[in-house]
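For reference, the structure is listed below as structure tokens.
Every number here is computed from the coordinates shown, using simple stated rules; none is lab data. No experiment lies behind these values; they were computed from the predicted model shown. Virtual Cβ from ideal backbone geometry, glycine too; neighbours counted across all protein chains shown.
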């Protein structure tokens, strides 16, 4: 087991590194969890860029929780992802992996409760010449009940969808009811020990009525699926998103976006995932995507 760095050593702490590949069976199950059809031409689903770098770097989500001192259910939250695809991901291709923690600081949320903000960056590199194939920068927060922070997830202000689209619309990708069983499969693929994704007793104790919380990568996968339907599999070059609200099992969610501009065959898009509510549509994920332009 990797030794846990002291808190003052977390900034700049490097991961062991190693070599990894996205196996066909793993990509198949992951893609199935996103509720999309399987991708052609041995393409890996872009959301594999969550767990593939972590495991290839010689760590696990559990290791990161241990290093950062996670204090139980409801104390770990997502702030955002910035994922770059310099080349499309493909199955059964080996990558060399390197990474480190690039941010560690104590902050206070809007209620004055303390949390530690952590970001890590990992690169997947070609095994022959070392060039970077993909890069992820993920930002998490660790709430501190031991310092007076609430144990349950902090409720960020609602981001309401005004429905205004000023660019070229991207057709919506709809998940009629988020499936808790797919969360369980995804947790196994991610090697994710965080019980809020599969343990109804844990979320009952958090005051969530036993509804489990969808993984961030699955929420983002619905956005990716909308982009694929618009511009074709393998179109994604970069995803930069923030997570505003949790998505629960049973939610009806709609992913979509709009193309803001296209230059030299590359489009910049505004993207989102919203909970479909008859009263007020909440934006759960917001951000930008860079894609190859639709044919």
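For the residues 111, 14, 240, a GNM of the chain with alpha-carbon springs under 10 Å puts the largest fluctuation on 111. Look at the alpha carbon pairs under 8 Å that are at least 6 residues apart: their mean separation over the length of segment 161-295 gives a relative contact order of 30 percent. Expressed in Å, the radius of gyration and Dmax of the Cα atoms of segment 51-164 are 16.9, 50. Using just its DSSP H runs of length 4 or more, each adding -39500 (n - 2.57), the chain gives a mean residue ellipticity at 222 nm of -6000 deg cm²/dmol after division by all residues. Among (1) 51; (2) 63; (3) 56, which one is percent of Cα pairs over 24 Å apart computed from these coordinates? The listed entry that was calculated here is (1). Between 276, 41, 179, the residue with the greatest mean-square fluctuation in the GNM of the chain (Cα pairs under 10 Å linked by springs) is 41. Across q = 0.11, 0.15 Å⁻¹, segment 202-295 modelled as identical point scatterers on its alpha-carbon atoms has Debye log10 I(q)/I(0) values of -0.36, -0.60, in the order of the q list.
The spacing between segment 99-147 and segment 246-292, judged by their C-alpha centroids, is 23 Å. Note on segment 166-224 and segment 40-85: Cα centroid distance 14 Å, given to the nearest whole angstrom.
Expressed as cubic angstrom per residue, what is the convex hull volume of the alpha carbon set of segment 225-269?
Working: hull volume 4.5 nm³, N = 45.
Residue-normalised Cα hull volume stands at 101 Å³.
Across q = 0.11, 0.12, 0.19 Å⁻¹, segment 1-96 modelled as identical point scatterers on its alpha-carbon atoms has Debye log10 I(q)/I(0) values of -0.42, -0.49, -1.04, in the order of the q list.
Between residue 66 and residue 264, the distance separating the two model label sites (each 7 Å from Cα on the Cα→Cβ line) works out to 4.6 nm. Mean sequence separation of contacting Cα pairs (under 8 Å, at least six apart), scaled by the length of the chain, corresponds to a relative contact order of 19 percent.
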